[in-house]
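The values are calculated or read from the model by the stated rules, or taken from the named source; none is laboratory data. The structure presented is a predicted model; accordingly, all values stated were derived computationally and were not measured. FYI the Cβ positions are ideal-geometry reconstructions off the backbone, even for glycines, and counts take in every protein chain you see.
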Amino acid sequence: MSFLRKFFRRRENAEEIKIVSRNPVGKFRVEQSLNVLGKETLIGEVEGIIYPGYKVKGESVALIREIQKDRRKVDFAVDGDRVALVLEGKTNAKKGDVLEVYQS
């Protein structure tokens, strides 16, 4: 393998994000789905408690990278909060979907 191929090779064996815990710790009701700088961002209401690093399960599973409330980054979201979740991965969620949230 040449020197440059190490850096420019395709990610053929990209790892899937998997859920380890069995019981959901919360739910997220989607009001809007956006694509911001190549990352899926979901806006909606929280049921339960959500932290960055937790996983959201829709059609597929995505990792929560950041939580924003009123355009400010927060450490967690609790029941009734209206927040934006910046995800790593795609869930293909649509308006009205209810997604389950799992611990890492």
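Below, the figures for the structure above:
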{"read-out": "Long-range neighbours under 9 Å by Cβ, at least six apart or interchain, first residue touching a residue at least 60 places away in the same chain (Cβ under 8 Å) within segment 70-93, second among the acidic types (D, E) and assigned to a loop (DSSP other than H, G, I, E, B)", "value": "G89/E16; A93/E59"}
{"read-out": "Single residue of segment 25-65 satisfying the filter (within 11 Å of E88 (Cα to Cα) and β-branched (V, I, T)) that is surrounded by the most Cβ atoms within 10 Å (Cβ to Cβ)", "value": "V56"}
{"read-out": "Any hit, segment 17-24, residues being buried (at least 17 other Cβ atoms within 10 Å of the Cβ) and modelled with pLDDT of 90 or more", "value": "no"}
{"read-out": "Residue count, segment 76-95 (criterion: outside any strand (DSSP E or B) and under 20 Å from V36 (Cα atoms))", "value": "7"}
